[in-house]
1. For the list (1) in contact (Cβ under 8 Å) with a residue 60 or more places away in the chain; (2) closer than 30 Å to residue 278 by Cβ, I need the number of the one condition that residue 369 fails.
2. Just a yes or no: is a residue in the stretch 301-315 buried (at least 17 other Cβ atoms within 10 Å of the Cβ) and in a loop (DSSP other than H, G, I, E, B)?
3. For the stretch 256-269, enumerate the residues that are outside any loop (DSSP other than H, G, I, E, B) and within 16 Å of ligand 2 (Cβ to nearest atom).
4. Quick one: which residue in 51, 58 is out of contact with any helix residue (DSSP H, G or I) (no Cβ under 8 Å at 6 or more places or on another chain) and either in a loop (DSSP other than H, G, I, E, B) or crowded, with 17+ Cβ neighbours inside 10 Å (or both)?
5. Could you look through the stretch 125-143, keep only residues that are crowded, with 18+ Cβ neighbours inside 10 Å and farther than 21 Å from residue 175 by Cα, and pick out the one that is nearest to ligand 2 (Cβ to nearest atom)?
6. Kindly check whether there is at least one residue in the stretch 162-170 that is in a helix (DSSP H, G or I), out of contact with any helix residue (DSSP H, G or I) (no Cβ under 7 Å at 6 or more places or on another chain) and under 14 Å from residue 314 (Cα atoms).
7. If you go through the stretch 131-148 one residue at a time, how many are in contact (Cβ under 8 Å) with a residue 60 or more places away in the chain and either farther than 30 Å from residue 20 by Cβ or within 16 Å of ligand 3 (Cβ to nearest atom) (or both)?
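The values are calculated or read from the model by the stated rules, or taken from the named source; none is laboratory data. No experiment lies behind these values; they were computed from the predicted model shown. Because the Cβ atoms are built from the backbone with ideal geometry, glycine has one as well, and the counts that use them run over all protein chains shown.
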Ligand code: ATP
Ligand code: MG
Ligand code: MG
Ligand code: MG
């Protein structure tokens, strides 16, 4: 992508309406544009990152055996009356009436709809286990939308739903998602701690929230200090292995949200307890037959008996993750994208657009890098070097390749790693070889 034609409306000034750094940086980098309170348009740079995050989530769901489908955003109130949640859900639900006076709603979550799809087609225990997910926009009329995409009203969520014939199967489905979540967040360069959580209005008994520690987090959390230096995926099993020992080992290290933590009965002594703030990026639930019973989602068992299915649901805040990643990875100059979610792999900076030799070498590098499958932000704009450096740091591209007439006289270019600031001068071909 040539930045001379890329739609990336960066801001020089720090937007005053943004209270936390991720929100400020997303606005400054021209990634999002608020269109109403808590509702955002994703500009090209932001959308590139959103798709990368979404793709990692998708790959790990697929690897855990979940199957992707796509349910609509608009739902009928009818289904929510069946489960009894239509009245319970309250003001967070955006209710809509269509021209025939039918009550509709913009889905805040999809337990009812997936249960309806399930019961329409699945009739036998032989068709289980089943885990279905989608990545779809949700709407929750949050009382206080804030912090940019962190707490939006419209936001992108991955939600998966598991169906099993018995509690043992449901436990296994839960453990698969537990492992898939750890892998998902690790791939994004995040340290997410699974914390025992309240099940809230969704109900059920087994639940974990996946929390990124951050001062700007909205949740109060408590965990054993061993979590601080733990490589949780070291010696992790494969998806097809028995996951119980791994699950037991990880959940034995104390971690709980403040709703679950009881200071009077803390299993961890004060001296070993970390009290912190955190961002909830994922949440998994096992809720048994809470929906299958009232909605009559049953399968025939081996002896023809009718069995209400055991269910779980598993959410990831795909759009919130973008804010969480930036909170976890930035400096005074801007965003520092982990490689896996970066909008571009390489930022190619032309220090003197219009200089024939510099343009030629840059054009050649650009073509070769793109041909090798790398995504390149080529800054070919007619701007001062200082402005180009600042923008490239701001948008956080992991590698910067800097090409100017002075270096080229000596046959060298500069390669900079955004995360460490380390710079290296090296011949054009050597720089290329390092990036490929
Ligand atoms: P929160 O406690 O932050 O309000 P929640 O517990 O209501 O979140 P869940 O119902 O567990 O949210 O939804 C699954 C995931 O969706 C959350 O873990 C979070 O990452 C994301 N999410 C929830 N609400 C929002 C929101 N308003 N904006 C962005 N992401 C959200
Ligand atoms: Mg909420
Ligand atoms: Mg919550
Ligand atoms: Mg939650």
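1. So the condition that residue 369 fails would be (2).
2. yes
3. Within the stretch 256-269, just 257 meets the criteria.
4. On the way: 51 fails: either in a loop (DSSP other than H, G, I, E, B) or crowded, with 17+ Cβ neighbours inside 10 Å (or both).
58 is the lone residue from the list that is out of contact with any helix residue (DSSP H, G or I) (no Cβ under 8 Å at 6 or more places or on another chain) and either in a loop (DSSP other than H, G, I, E, B) or crowded, with 17+ Cβ neighbours inside 10 Å (or both).
5. Among those residues, the one meeting the criterion is 140.
6. The answer is yes; a qualifying residue exists.
7. 7
Here's the yes/no breakdown for (1) surrounded by 16 or more Cβ atoms within 10 Å (Cβ to Cβ); (2) under 25 Å from the mean Cα position of the chain (by Cα); (3) on the phi > 0 side of the Ramachandran plot:
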position: 212; (1), (2), (3): yes, yes, no
position: 216; (1), (2), (3): yes, yes, no
position: 231; (1), (2), (3): no, yes, no
position: 234; (1), (2), (3): no, yes, no
position: 262; (1), (2), (3): no, no, no
position: 297; (1), (2), (3): yes, no, no
